[in-house]
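Below is one structure, written out as structure tokens, with a few remarks after it.
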Amino acid sequence: KRSLPELVQLQALMQQGFYKQEKLTIAQLAKALSRPEYVVRNLINEKLGFRNFNDYVNQLRVHDAMAQLVAEPDKPIMNISLDLGYRTLSSFNRAFKERTQLSPSQYRQQQLSV
């Protein structure tokens, strides 16, 4: 029965941009929430329906990137990826394409030409 406040706490922390930390681990997230890792993993997998922690973090980052790519058309894609916690442009491109079937530059081009 305690899972709802934990879920609300998790989502509130992520909305504040916690997911943007480079090299973010589930251990860091659990510590920030003052919960054991298995509880946080269960929230992400069972309650939110993600395959794993990385899948969850990438979803948040890509969603954020999609908004930034359109809102800031002159901001370099590399800067967006770094701001969102990716260490390399290739890992950002991979995560982005996995979720949207487009590269970040293709997505930006498509959205701005609508």
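The values are calculated or read from the model by the stated rules, or taken from the named source; none is laboratory data. Predicted model, so just to flag it, every value in this text is computed and none were measured. Note: ideal-geometry Cβ built from the backbone for every residue, glycine included; neighbour counts use all protein chains shown. All accessible areas refer to the heavy atoms of the entire protein, side chains included, with ligands and DNA or RNA removed. Shrake-Rupley method; radii C 1.70, N 1.55, O 1.52, S 1.80 Å.
Residues that are within 16 Å of Pro5 (Cβ to Cβ), open to solvent by less than 70 Å² (accessible area, probe 1.4 Å) and assigned to a helix (DSSP H, G or I) within region 45-59 are absent altogether.
In a residue-by-residue description of region 80-96, the property of being open to solvent by less than 60 Å² (accessible area, probe 1.4 Å) and over 17 Å from Glu22 (Cβ atoms) applies to no position. Would it be correct to say that Leu43 is under 30 Å from Val114 (Cα atoms) and aliphatic (A, V, I, L, M)? So Leu43 does not fit the description; no. Restricting attention to region 9-44, the residues being open to solvent by 80 Å² or more (accessible area, probe 1.4 Å) and free of Cβ contacts under 8 Å to residues at least 24 places away in the same chain number 6.
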